[in-house]
1. Please report the net charge: other residues with Cβ closer than 10 Å to the Cβ of V26, K and R +1, D and E -1.
2. Please work out whether region 266-335 counts as rounded, prolate or oblate from its C-alpha gyration tensor, where a ≥ b ≥ c are the square roots of the eigenvalues and a/c under 1.5 means rounded, while otherwise a/b larger than b/c means prolate and anything else oblate?
3. Membrane-span-like helices in the chain: DSSP H runs reaching 27 Å or more (Cα, own axis), mean Kyte hydropathy at least 1.6?
4. I want the local charge near P273. Using Cβ-Cβ distances under 15 Å, sum +1 for each Lys or Arg and -1 for each Asp or Glu among the other residues.
5. What is the percent carbon and sulfur in the accessible area of region 211-322, measuring with a 1.4 Å probe over the protein chains and ignoring ligands?
6. Please give the length that would be gained between A4 and Y80 if that part of the chain were fully extended, namely 0.36 nm times their separation in residues minus their C-alpha to C-alpha distance (nm, one decimal).
7. V211 to L308: FRET efficiency via 1/(1 + (r/R0)^6), r the Cβ-Cβ distance, R0 41 Å, to the nearest 0.05?
8. Calculate what fraction, in whole %, of the accessible area of region 30-90 sits on carbon and sulfur atoms when a 1.4 Å probe is rolled over the protein chains.
Amino acid sequence: MDLAWYALLGLFFASYLVLAGYDYGVGLLLARGGAPAGRRAALTALGPFFLGNEVWLVAAVGILFGAFPVLEGELLAGCYPAVAGALVGVVLVTAGVQLRSRPGDVRVRARWDRVIVVGSALAALGWGVVLAALLQGVPRQADGHVAGVSHLATPFAATAGLTMVALVAVHGATFLTLRLPADAADAAGRTARRLVPVALCAVVVATVVGVLSPRVRDAVGRPAVAVLLPVLLVVALLAARVALARRRPGWALIATGAAMGLPVALVGAALWPYVLVSTTDPGASLTVADAAASTPTLRLLGWVALPLLPALLGFQAMCWWVFRGRTDGRAPVYW
């Protein structure tokens, strides 16, 4: 049962990155020089989705607290700066998108645009560093506590965080090719195609740094999986570029969405059966079974989670169906 809950936790967090990833990607693109009207059009395209996308984060955190209380405590203690930064970014994006639309002059809206950009960068960077910290291990002591946060300041954590920022930017630009009017969508498509090589370089650099890092090599229990998934990430980005070149934004968004979800799969599969690997005391490493709550607790939570997943999927499907067209009312060519 603990394996099922571990998979469900990964599914919910990966879904959050896939869906909220284009929120933060659109936010990052506001940093590009463009007219305020262009920024407004981008946020209008995003408007119906961004609050619903963050529900997946709430659900993932609920599973973490309820089904894996030991992991929750150690993860928050050991990755506190990265988690706090990511959550601050989420709050800034949510506040900025909503408050930007209030009456005010151009300078006020420009300030909120900067808030959205900063929040998007913090969210993407923070979650990337958290995933990197899990993959490279944490200094968990024999008493069960993580010592300090210096393990977050490593070359691999930095490159992984920047890679997440690059992936988010590509994902956001691809999302705009699906939602903006045709002329603006072409410009967004060109931006996405230019960003794909940047993301590819970031993935390659992060992979090389990870392979050369003794921390990562010692923590990863399945090296073959750890190599295969970055290759799939590269394939997904190349597929997205081909789809963008052929003006198939639907396929491109599916490919960039896969690229957003693969890092979660990488961490879960490469570390199994561990969920938290100790770099200082191998005996202090935390397995999935050790981190999970008791079986009666997991069964009780199952009655809560059983209707939750179809409800979230149904809401997301309804939202995409209702707002499936471009912002000018025209239907895009998805495939």
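1. After counting each charged neighbour, the total is +1.
2. oblate
3. 223-245
4. Within the 15 Å Cβ shell, the charges total -1.
5. 72 percent
6. Extending this stretch completely gives an extra 24.7 nm.
7. With R0 = 41 Å, the Cβ-Cβ based efficiency is 0.60.
8. 74 percent
The values are calculated or read from the model by the stated rules, or taken from the named source; none is laboratory data. Not measured: the values here are computed from a predicted model. Backbone-built Cβ (ideal geometry, glycine too); neighbour counts: all protein chains shown. Ligands, DNA and RNA are excluded from the accessible area calculation, which covers all protein heavy atoms including side chains. Shrake-Rupley method; radii C 1.70, N 1.55, O 1.52, S 1.80 Å.
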